[in-house]
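Visitor: Sharing a structure with you now.
The values are calculated or read from the model by the stated rules, or taken from the named source; none is laboratory data. The structure displayed is predicted, hence computed values, not measured ones. Ideal geometry is used to build each Cβ from the backbone, glycine not excepted, and the neighbour counts take in all protein chains shown.
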């Protein structure tokens with residue numbers, strides 16, 4: 001739907017300096033919670049990148065173990081898995097060790 005917004009509301013019409021998609025990508029975080037499937041993850045990964053995906057659990061419908069297994073199985077490198085699992089939340093929430 002973001003592409004549709006960009007097509008319907010070009011920069012000349014909005015007066016913005018960047019597209020709605022780019023604004024969304026810079027200000028929104030997403031989670032695969034509740035939809036732990038590879039196609040869903042690939043879609044949000046392609047749109048947002050690993051730096052905008054947060055770990056979460058759709059409790060009580062999913063378990064912590066189920067989400068961990070899903071993250072471990074993702075076809076991304078170790079740094080991206082760590083970003084999704086905890087580093088993005090640390091950065092977003094200002095958590096320091």
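Visitor: State all residues of region 17-29 that are touching a strand residue (DSSP E or B) at 6+ places or on another chain (Cβ under 9 Å) and at pLDDT below 95; if no residue qualifies, say none.
Guide: Across region 17-29, there are no qualifying residues.
Visitor: With respect to residue 26, determine if the residue is surrounded by 15 or more Cβ atoms within 10 Å (Cβ to Cβ) and within 21 Å of residue 93 (Cα to Cα).
Guide: no
Visitor: What do you reckon, is residue 32 in a helix (DSSP H, G or I) and either in contact with a helix residue (DSSP H, G or I) (Cβ under 6 Å, 6 or more places away or on another chain) or under 21 Å from residue 63 (Cα atoms) (or both)?
Guide: No: the conditions fail for residue 32.
Visitor: When residue 21 is evaluated against the numbered criteria (1) exposed (fewer than 10 other Cβ atoms within 10 Å of the Cβ); (2) part of a helix (DSSP H, G or I); (3) over 13 Å from the mean Cα position of the chain (by Cα), which criterion, by number, is the only one it fails?
Guide: (1)
Visitor: Could I ask something else about it? Could you tell me whether residue 47 is in contact with a helix residue (DSSP H, G or I) (Cβ under 6 Å, 6 or more places away or on another chain) and either surrounded by 11 or more Cβ atoms within 10 Å (Cβ to Cβ) or touching a residue at least 40 places away in the same chain (Cβ under 8 Å) (or both)?
Guide: no
Visitor: Select, from 58, 65, the only residue that is over 20 Å from residue 2 (Cα atoms) and either surrounded by 13 or more Cβ atoms within 10 Å (Cβ to Cβ) or touching a residue at least 24 places away in the same chain (Cβ under 8 Å) (or both).
Guide: After ruling out the rest, the residue left standing is 58.
Visitor: Take residue 70 and decide whether it is in a helix (DSSP H, G or I), surrounded by 10 or more Cβ atoms within 10 Å (Cβ to Cβ) and within 16 Å of the chain's Cα centre (by Cα).
Guide: Yes; evaluated as a whole, the condition is true for this residue.
Visitor: Being surrounded by 14 or more Cβ atoms within 10 Å (Cβ to Cβ), modelled with pLDDT of 90 or more and assigned to a helix (DSSP H, G or I) is the requirement here; does residue 4 meet it?
Guide: It is false that residue 4 is surrounded by 14 or more Cβ atoms within 10 Å (Cβ to Cβ), modelled with pLDDT of 90 or more and assigned to a helix (DSSP H, G or I).
Visitor: If you scan region 75-94, which residues turn out to be surrounded by 11 or more Cβ atoms within 10 Å (Cβ to Cβ) and not in a helix (DSSP H, G or I)?
Guide: Listed by number, the list holds a single entry, 76.
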